[in-house]
Amino acid sequence: MAAQSFDVIVIGAGPGGYVAAIRASQLGLKVAIVEREHLGGICLNWGCIPTKALLRSAEVFHLMHRAKDFGLKADGIGFDLPAVVARSRGVAKQLSGGIGHLMKKNKVTVFMGAATLPKKGTVSVKTDKGTEDLTAKSIIVATGARARELPGLEADGDLVWSYKHALVATRMPKKLLVIGSGAIGIEFASFFNTLGADTTVVEVMDRILPVEDAEISAFAKKAFIKQGMKILEKAAVKKLDRHPGKGVTAHIEQDGKITTQDFDTVISAVGIVGNVENLGLEALGVKIDRTHVVTDEFCRTGVEGLYAIGDIAGAPWLAHKASHEGVMVAELIAGGHPHPIKPNSIAGCTYCQPQVASVGLTEAKAKEAGYQIKVGRFPFIGNGKAIALGEPEGMIKTLFDARTGELLGAHMIGAEVTELIQGYVVGRALETTEEDLMNTVFPHPTLSEMMHEAVLDAYGRALHI
């Protein structure tokens, strides 16, 4: 059978791949997409979306316990874990189905199967019905990443869970150990802790949420400890003794001493590795560095017509970065002149309780880069809307270049900060200065007013503290 020919073939239908396919099709190109498992990829089926559904259930549960604070009565508060999980899966299913509809609407040909690149410009797809060869001048690799597994700490789905097992938990952990305090680890720790699990988090770095500003990490740690979590920093899980049907004994090293603790469940969240194997990338001459494809700022691999986007192309490992890269590459292939993406202007959001969000440089990184900085802070306790919501704990921190007034970074912790951060993201995209932000009128009463006050504070002009 003759090979089917396309202008663009996308391998992987996650938030990078499916968006690249849509944009390429909008630009008049003939597009195919290959996916071996689920349309929507990890993010939609096993990541960003279903975890937010779980965390929303935990948030409502937490608020029900606080009913009295709001002059309300709620008796016999409880939860039904299978129903919480079923809601989360339903949300993922609804959105995954939506991607199928978008592919049809945009005339993208979908091939369900595993792809390899036998030679330049060719993609071979192994489907249920056999093998199909496709050719295209431009190929976009968007195969994503998977959980990193450390020797001896591998997930077994029973005592030791990966994020996938945690998303479809069949039992409620009583005593939970979470290894790793990045976004994934902290979100699951927050979810199970809120539902009543006795939760311990072990982080190898000197603080939890290590990519965040140190002040935000410290604030988060205090909040988590107040909620009953135990946090071990500069610590490592050296070994797990598994006792089937009973639990796990964890050997934890901290300050040069090893202690043992018993848990009934362990969640391993120690980072990710790119899905670079079995594609034939190396044979084509693609450079791979620590499981990630090496690309230039336009996601070009150095092999003509071959691009890599999203998690496989390295940090930051965020769905919105992948989607944006997908659009950029589609426009490049169609002959456009898109702007390269600036990783420093991509916001990171963590949906724990309290939420954490940030964009740009941390205070330490700004100083390291040699900037003279002005720092502004504003606490939630000084904001009318936060108090009315019953959410007085949190803060917003802004960093400016003292010389030019450029907004270098913004860091937040507290209610709904994952929505608020976008104001500063837009500000950075428009190359805003402190003066622009000071002259902007923020509506009252809103949480966003704190963003204004944090800017004013950097210049000694805060009004409400």
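The values are calculated or read from the model by the stated rules, or taken from the named source; none is laboratory data. The structure displayed is predicted, hence computed values, not measured ones. For neighbour counting, all protein chains shown are included, and Cβ atoms are generated from backbone atoms with ideal geometry for every residue, glycine included. Calculation scope for accessible area: heavy atoms of the full protein, side chains included, ligands and nucleic acids excluded. Shrake-Rupley method; radii C 1.70, N 1.55, O 1.52, S 1.80 Å.
Residues in the stretch 86-100 carry Karplus couplings, in order, of 4, 4, 4, 5, x, 4, 4, 5, 4, 6, 4, x, x, 5, x Hz; the curve used is 6.51 cos²θ - 1.76 cosθ + 1.60 with θ = phi - 60°, and Gly or Pro positions show x. Karplus-derived 3J(HN,Hα) values for the stretch 178-187, using 6.51 cos²θ - 1.76 cosθ + 1.60 with θ = phi - 60°, are 10, 9, x, 10, x, 4, 5, x, 5, 5 Hz; glycine and proline are entered as x.
Given C-alpha coordinates of the stretch 259-372, what is the ratio Rg to Rh with the Kirkwood estimate of Rh? Walk me through the intermediate numbers first.
Working: Rg = 18.1 Å, Rh = 16.9 Å.
My calculation of the ratio gives 1.07.
Computed packing ranks the peptides 172-179, 186-193, 59-66 as 186-193, 172-179, 59-66, most packed first, by mean other Cβ atoms within 10 Å.
When the charge dipole of the stretch 338-434 is built from unit charges on Cβ atoms (+1 for Lys and Arg, -1 for Asp and Glu) and taken about the Cα centre, the candidate among T350, G405, G370 whose Cα reaches farthest toward its positive end is G370.
If the only charges are +1 at each Lys and Arg Cβ and -1 at each Asp and Glu Cβ, what is the size of the charge dipole of the chain around the Cα centre, to the nearest 20 debye?
Numbers: 50 positive and 51 negative charges, 187 e Å.
Result for the chain is approximately 900 debye, rounded to the nearest 20.
Highest mean packing first, where packing is the average number of other Cβ atoms within 10 Å per residue, the peptides 16-28, 382-394 line up as 16-28, 382-394.
Across the stretch 142-155, coupling constants 3J(HN,Hα) worked out from phi with the 6.51/-1.76/1.60 Karplus curve, θ = phi - 60°, read 9, 8, x, 8, 9, 5, 6, 10, 8, x, x, 10, 4, 6 Hz, and Gly and Pro carry x.
For the stretch 1-141, the fraction of 1.4 Å probe accessible surface lying on carbon and sulfur atoms is 55 percent. Near V178, the amide H atoms lying under 5 Å from its own belong to T200, V201, V202, I267; only residues 5 or more places off or on other chains count, and H is placed 1.01 Å from N. Between K174 and L63, the simple spin-label model (points 7 angstrom out along Cα→Cβ) gives 3.2 nm.
Return the calculated 222 nm mean residue ellipticity for the chain, to the nearest 500 deg cm²/dmol, obtained by summing -39500 (n - 2.57) across DSSP H runs with n ≥ 4 and dividing by the residue count.
Computed ellipticity for the chain at 222 nm equals -9500 deg cm²/dmol.
Positive-end ranking of F79, L39, I49 along the dipole of the stretch 39-93, with charges on Cβ about the Cα centre, is headed by L39.
Roughly how many percent of the accessible protein surface of the stretch 412-461 is carbon and sulfur, given a 1.4 Å probe and a whole-percent answer? Intermediate results must be reported in sequence, preceding the final value.
On the way: 1240 of 2390 Å².
The nonpolar share, carbon plus sulfur, comes to 52 percent.
Only lysine pairs 8 or more places apart or on separate chains count here, and in the stretch 155-232 those with Cα atoms under 23 Å apart total 12. Residues whose amide H comes within less than 5 Å of that of L408, counting only those at least five positions distant or on another chain, are L399, F400, D401 (H built at 1.01 Å from N in the peptide plane). Solvent exposure of the chain, expressed per residue, is 47 Å² of accessible area, with all protein chains present and a 1.4 angstrom probe.
Of the solvent-accessible surface of the stretch 209-289, computed with a 1.4 Å probe over protein heavy atoms with every protein chain present, carbon and sulfur atoms account for 54 percent. Excluding residues fewer than 8 places away in the same chain, name every one of the lysines whose C-alpha is closer than 16 Å to that of K239. Cα-Cα hits under 16 Å: K257.
How high is the FRET efficiency from K126 to K226, r the C-beta distance, R0 45 Å, rounded to 0.05?
The value I calculate is 0.30.
Take 342-350, 308-316 and order them by the average number of nearby Cβ atoms within 10 Å per residue, most first; the result is 308-316, 342-350.
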